[in-house]
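The values are calculated or read from the model by the stated rules, or taken from the named source; none is laboratory data. A quick note: this is a predicted structure, and the numbers were derived from the prediction, not measured. FYI the Cβ positions are ideal-geometry reconstructions off the backbone, even for glycines, and counts take in every protein chain you see. The area values use the complete protein model at the heavy-atom level, side chains included, leaving out ligands, DNA and RNA. Shrake-Rupley method; radii C 1.70, N 1.55, O 1.52, S 1.80 Å.
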Amino acid sequence: QVQLVESGGGLVQPGGSLRLSCVVSGITISDLDMGWYRQGPGEQRELVASITRGTTTYYADSVKGRFTISRDNAKNMVFLQMNSLKPEDTAVYYCNRDSSRRFSWGQGSRVTISS
């Protein structure tokens, strides 16, 4: 059974930074395209960044230039470095496959941007 455990969220002021981590267990991620998703208050979950097994990256326009996705296949982990955070980045962040065949969602990591 695949488990996804996100961590690293918190409360930061606008302009601050956070680094999210995702530990994946139950499957080896090296052959998978992985992504970070977020769900803001009253909004649908959206893909904000993804990384292929070949390390090609994709970013939503709203985070391009501010977020960086990376992976460590040896540790079976995916990361999201978030810089220049804005109040509109407030959301619960989740990692999962970048695929229509996603795994069951983890609990997510809450990110709140507020002064």
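Quick notes on this one:
- Hits in the range 1-42 - residues which are at pLDDT below 95 and under 15 Å from A91 (Cβ atoms): P41, G42
- Counting only strands (runs of 3 or more DSSP E) that fall entirely inside the range 1-111 and contain at least 2 residues that are in contact with a strand residue (DSSP E or B) (Cβ under 6 Å, 6 or more places away or on another chain), open to solvent by 30 Å² or more (accessible area, probe 1.4 Å) and touching a residue at least 24 places away in the same chain (Cβ under 8 Å), the qualifying elements are 3-7, 18-25, 77-82.
- Exclusive hit being more than 17 Å from G8 (Cβ to Cβ) and either of a type in the set (A, V, I, L, M, F, W, C) or within 11 Å of the chain's Cα centre (by Cα) (or both), set F79, F103: F103
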